[in-house]
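Some notes on the structure that comes next.
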Amino acid sequence: MGNLTGLLFAGGLGFMLLAIAGGLDFGAPPMLIGSAIQAQAPAETGATNIVTSVVLGYRAIDTLGELSILFAAAASAGLVLGRRHTSAGTQTEGGFILRTGGGILFPLMMTIGFYIIFHGHLTPGGGFQGGVILAAAFFLPLLARPGAKLHHSTLSLIEGFAGASFILVGLLALAEGKAFLQPLLIQDTLGQLFSAGTLPLLYLAVGLKVGAELASLLSRLAQTEASQ
């Protein structure tokens with residue numbers, strides 16, 4: 001029965017793709033919206049990275065929804081793992097190389113994370129990618145020192161402040177008579193750090209929110225593994 005269901009699904013999917021491909025002119029993909037964004041995004045958003053223009057400019061409300069989903073997932077996982085957490089037994093710290101390497105890599109990873117966040121409108125990267133690096137930077141000392149713990153209250157404060165800042169930037173756009181989260185303070189110096197107006201601020205909020213949530217989740221995972 002399972003094989004028959006899989007075959008029916010694959011056949012239906014193949015028929016749908018053939019029907020879509022049959023209605024397209026060969027060699028002329030219908031990229032009307034994509035072509036318009038590529039032509040207008042640099043002037044409208046001040047970002048040379050078109051992905052940033054889409055994520056924070058043209059569909060920023062969708063990005064806010066993604067952040068909400070990430071928050072709900074991290075909060076739910078934290079509740080489940082928190083209930084499973086028990087007192088841990090004796091834990092052995094990592095060796096000298098691991099502890100020293102963790103201490104050296106922490107500021108470097110923080111620098112790289114913030115660099116990727118602030119330059120997300122110029123080069124590939126942004127708040128999501130940089131936030132993951134920030135989370136890894138805070139999680140690295142936990143690998144070297146299993147007994148160490150992150151301050152979840154501080155991470156919650158950072159996460160809440162970042163989320164509120166993202167919404168506040170959108171409300172400022174409304175106060176200016178523009179659409180919610182529409183980019184503000186766009187400059188003509190395309191390719192410069194401050195050319196994209198409020199987009200780097202939005203990416204900073206995204207990076208801090210993602211970093212705080214993932215760091216808290218990784219910390220709870222490490223505590224749960226250590227307690228077993």
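Does segment 109-147 hold any residues that are buried (at least 18 other Cβ atoms within 10 Å of the Cβ), within 15 Å of the chain's Cα centre (by Cα) and outside any helix (DSSP H, G or I), and which are they? If the condition is that a residue be buried (at least 18 other Cβ atoms within 10 Å of the Cβ), within 15 Å of the chain's Cα centre (by Cα) and outside any helix (DSSP H, G or I), then HIS119, GLY120, HIS121, GLY125, GLY126 are the ones that fit.
If the condition is being closer than 25 Å to GLU66 by Cα and aliphatic (A, V, I, L, M), then segment 101-149 contributes MET109, MET110, ILE112, ILE116, ILE117, LEU122, VAL132, ILE133, LEU134, ALA135, ALA136, ALA137. Residues in segment 48-59 that are closer than 12 Å to LEU202 by Cα and modelled with pLDDT of 90 or more: 4 in all.
Between LEU150, LEU155, LEU181, the distinction of being at positive phi and touching a residue at least 40 places away in the same chain (Cβ under 8 Å) belongs to LEU181 only. Cβ-Cβ contacts under 9 Å between residues 6 or more apart (or on different chains), taken from a first residue in segment 33-47 that is more than 17 Å from ASP188 (Cβ to Cβ) and at pLDDT below 90 to a second residue that is among the polar types (S, T, N, Q) and surrounded by 15 or more Cβ atoms within 10 Å (Cβ to Cβ), are listed as ILE37/SER53.
The residue that is modelled with the lowest pLDDT, among those in segment 178-205 that are more than 18 Å from ILE61 (Cα to Cα) and either of a type in the set (Val, Ile, Thr) or not in a loop (DSSP other than H, G, I, E, B) (or both), is THR189. Any chance segment 60-71 includes a residue that's part of a loop (DSSP other than H, G, I, E, B) and either over 29 Å from GLY163 (Cα atoms) or under 26 Å from the mean Cα position of the chain (by Cα) (or both)? Scanning segment 60-71, I find no residue that is part of a loop (DSSP other than H, G, I, E, B) and either over 29 Å from GLY163 (Cα atoms) or under 26 Å from the mean Cα position of the chain (by Cα) (or both), so the answer is no.
The values are calculated or read from the model by the stated rules, or taken from the named source; none is laboratory data. All values reported here derive from a predicted model rather than from experimental measurement. Ideal geometry is used to build each Cβ from the backbone, glycine not excepted, and the neighbour counts take in all protein chains shown.
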